[in-house]
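Enquirer: Dumping the structure here so I can ask a few things about it.
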Amino acid sequence: QVQLVESGGGLVQAGASLRLSCAASGRTFSNYNMGWFRQAPGKEREFVANIRWGGGTYVANSAKGRFAISRDNAKNTVYLQMNSLKPEDTAIYYCAATTTLGGTYYVHDYDYWGQGTQVTVSS
């Protein structure tokens, strides 16, 4: 089992930055590929970014150039740095862990999920 706890969400104005954190506990964190997803009201959960255990990353087109994912295996933590935030980035942001080789952007491939942290961007 892996337990994931997100933090760092909040209410910000358009153009601002936030850094989300996801603290993991349980099994060896470095064995997992990690992902960030988000879900806006009335919409499906969508992929934002992932980072493989070796450090390789992939960011969704909607976030490319503005968001960056990173991890600190010594601290069992994965981060999502969000810059130039837009009102359409408003959502609950979830951290997730998977053992799928090579990383993945499919919700159903992730085995463990955090409870989510709310990000609200005002115009």
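Enquirer: Got a sec? Which strands (runs of 3 or more DSSP E) wholly within the stretch 56-123 have at least 1 residues that are β-branched (V, I, T), surrounded by 16 or more Cβ atoms within 10 Å (Cβ to Cβ) and free of Cβ contacts under 8 Å to residues at least 12 places away in the same chain? Talk me through it step by step, then tell me what you get.
Expert: On the way: elements: 57-59, 67-72, 77-82, 91-98, 117-122.
Those strands (runs of 3 or more DSSP E) span 57-59.
Enquirer: Another question about this same structure. Just name the residue that is least open to solvent (accessible area, probe 1.4 Å) out of those in the stretch 11-34 that are in contact (Cβ under 8 Å) with a residue 60 or more places away in the chain and part of a loop (DSSP other than H, G, I, E, B).
Expert: Y32
Enquirer: While we're here: Kindly indicate the residue of the stretch 36-55 that is touching a strand residue (DSSP E or B) at 6+ places or on another chain (Cβ under 7 Å) and open to solvent by 50 Å² or more (accessible area, probe 1.4 Å) and also nearest to Y105 (Cα to Cα) among those meeting that condition.
Expert: It comes out as E46.
The values are calculated or read from the model by the stated rules, or taken from the named source; none is laboratory data. Please read these numbers as outputs of a predicted model, since none were measured by experiment. Positions of Cβ are backbone-derived with ideal geometry, glycine not excepted, and every protein chain shown enters the neighbour counts. For accessibility, only protein heavy atoms count, side chains too; no ligands or nucleic acids. Shrake-Rupley method; radii C 1.70, N 1.55, O 1.52, S 1.80 Å.
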